[in-house]
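Notes to accompany the following structure.
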Amino acid sequence: MTRGQRPRRLRQSEALRALVRETRLSAEQLVMPLFVRAGKNVRAPIPSMPGQFQLSVDQLVRECRGLAEQGVPAVLLFGLSAQKDERASAAYAKDGLIQQSLQALKAERVPLLVITDVCLCAYMSHGHCGVLKTRGGGRGKPKAKKRPAAKPAAALSLEDGTAWIDNEASLELLAKTAVSHAQAGADLVAPSDMMDGTVGAIRHALDSSGFDRVPILSYAAKYASTFYAPFRDAVDSAPRFGDRRTYQMDTANAEEAVREARLDLEQGADIVMVKPALAYLDVIRRVKDALHCPVAAFNVSGEYAMVKAAASRGWLAERPAWFEILLGIKRAGADILITYWAKEAAALLRER
Ligand code: PBG
Ligand code: ZN
């Protein structure tokens, strides 16, 4: 008598399992996030992200060479700025951290795609991703004497109308930042601010400054997640008051993510991102199925830190854990995996 379908017949050996494996990781899809700070010869460990460092530009170049050698094709740069003001001037300064990094990487011909995070939070004194307006207080800094003094940050709220993030004013600075990254040599720009219309504003600004070939990787569905906490430590970008829920997405929504991603594509985004990844695997799948476009997923700092913490106590085996996580993100529909394990993953995939 025959037994018909017996799934275990194809699980008998690694050769058979590999033959029918549906999802494979490849180094070519990995993006490594890196943190740049001022100084020379600095490689400062980030306590909340063991194995990750704040790098001065010279060390960044070194790290990028190593990544390229391991077969990592792309890095995503974040700046850790000591200079913060109400206009995020350091975000679009000609000699800003990201601009310097780009110039150095391009001058040294490091064979990597350099993607830059375009946002204002790490450069704003208030730590929000856009321009802050307060009722009666201009940008929190009264210009005319007659205006009432700005409330101290602790008294401000984005929920009660005493303060808000001005969408259009933010677009102007974001577009300026993107253009200054392109001028310094960015291969792709990745706006992560979650204002409305950012992609369109950046696309227009890039095109009219001669950078029509620079693609936009848009943080299209970026949730107001608690899993960014270690990152905010790393770049000192936590909001000084309130939170990001008036611009980042409500964590309960999935259909809205498809709408967000569609809007970004209409405005000229080339790749759309879902972020974080692990609690949003359904969102990755929905965006992929609905829009049939390149999808990136950001395996964020908190997801990294959780595994690191458990592994350091012997509760989880780190390598199998991240391998399974990255496979899951890809299986969900992501084409591009942005992960702090990019170097280890590339090394492992090379060995195999
Ligand atoms: C800034 C930005 C954040 C991350 C990427 N860009 C933090 C935030 O929005 O607060 C998170 C990355 C990570 O957690 O790994 N807009
Ligand atoms: Zn931001």
(request) Identify, among Val31, Ala169, Ala309, the residue whose Cα sits farthest towards the positive end of the charge dipole of the chain, taking +1 on the Cβ of Lys and Arg and -1 on the Cβ of Asp and Glu, with the dipole about the Cα centre. (result) Ala309
(request) Tally up the carbon and sulfur contribution to the accessible surface of the stretch 164-249 as a whole percent, 1.4 Å probe, everything protein left in place. (result) 48
(request) With all protein chains present, calculate the accessible area of Ile165 using a 1.4 Å probe and round the result to the nearest 10 Å². (result) 20
(message) Springs between alpha-carbon pairs under 10 angstrom, Gaussian network model over the chain: which of Gly185, Gly314, Gly333 fluctuates most?
(response) Gly314
(message) Please compare each pair in Lys308/Lys343; Lys176/Lys288; Lys222/Lys288; Lys106/Lys288; Lys288/Lys330 to a cut-off of 21 Å on the Cα-Cα distance and tell me which ones are over it.
(response) Lys176/Lys288; Lys106/Lys288
(request) Pop out the carbon and sulfur fraction of the accessible area of the stretch 1-136 as a percent, whole number, probe 1.4 Å. (result) 51
(request) Enter the accessible area of Leu349 (Å², nearest 10), with the probe set to 1.4 Å and all protein chains included. (result) 40
(message) Please list, by residue number, every one of the trypsin sites (Lys or Arg not before Pro) in the stretch 108-138 that is coil in DSSP and has at most 15 other beta-carbon atoms within 10 Å.
(response) Arg109, Arg135
(message) Could you compute the net charge surrounding Ala104? Neighbours are other residues with a C-beta less than 15 Å from the C-beta of Ala104; K and R count +1, D and E count -1.
(response) +2
(request) For every helix of n ≥ 4 consecutive DSSP H residues, a contribution of -39,500 (n - 2.57) applies; sum these over the chain, divide by its total residues, and give [θ] at 222 nm rounded to the nearest 500 deg cm²/dmol. (result) -11000 deg cm²/dmol
(request) Compute the length gained on full extension between Thr226 and Ala347: take 0.36 nm times their separation in residues and subtract their Cα-Cα distance, giving the result in nm to one decimal. (result) 40.6 nm
(message) Could you tell me the calculated FRET efficiency between Gln103 and Asn41, based on Cβ-Cβ distance and R0 = 22 angstrom, to the nearest 0.05?
(response) 0.75
(message) Please list, by residue number, every one of the trypsin sites (Lys or Arg not before Pro) in the stretch 222-316 that is coil in DSSP and has at most 15 other beta-carbon atoms within 10 Å.
(response) Arg240, Arg245, Arg313
(message) I need the shape label for the stretch 189-304. Rule: rounded when a/c is under 1.5, else prolate if a/b > b/c, else oblate, with a, b, c from the alpha carbon gyration tensor.
(response) oblate
(request) State, in angstrom, two size descriptors of the stretch 53-144 derived from its alpha carbons: Rg to one decimal place and Dmax to the nearest whole number. (result) 16.3, 57
(message) Please list, by residue number, every one of the chymotrypsin sites (Phe, Trp or Tyr not before Pro) in the stretch 256-343 that is coil in DSSP and has at most 13 other beta-carbon atoms within 10 Å.
(response) Trp315
(message) Tell me the net charge near Leu291. Cut-off is 13 Å between Cβ atoms, Leu291 excluded, with +1 for each Lys or Arg and -1 for each Asp or Glu.
(response) -2
(message) Rounded to the nearest 20 debye, what is the charge dipole size of the chain about its Cα centre when +1 sits on each Lys and Arg Cβ and -1 on each Asp and Glu Cβ?
(response) 680
(message) Taking the solvent-accessible surface of protein heavy atoms with a 1.4 Å probe, what is the per residue accessible area of the stretch 160-213 in Å²?
(response) 38
(request) Provide the per residue accessible area, probe 1.4 Å, for the stretch 1-107, rounded to a whole number of square angstrom. (result) 56
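The values are calculated or read from the model by the stated rules, or taken from the named source; none is laboratory data. It should be emphasised that the depicted structure is a prediction, and the values quoted were computed from it without experimental measurement. Quick reminder, even Gly has a Cβ in these numbers, built from the backbone with ideal geometry, and neighbours come from all protein chains shown. SASA here: full protein model, heavy atoms, side chains in, ligands and nucleic acids out. Shrake-Rupley method; radii C 1.70, N 1.55, O 1.52, S 1.80 Å.
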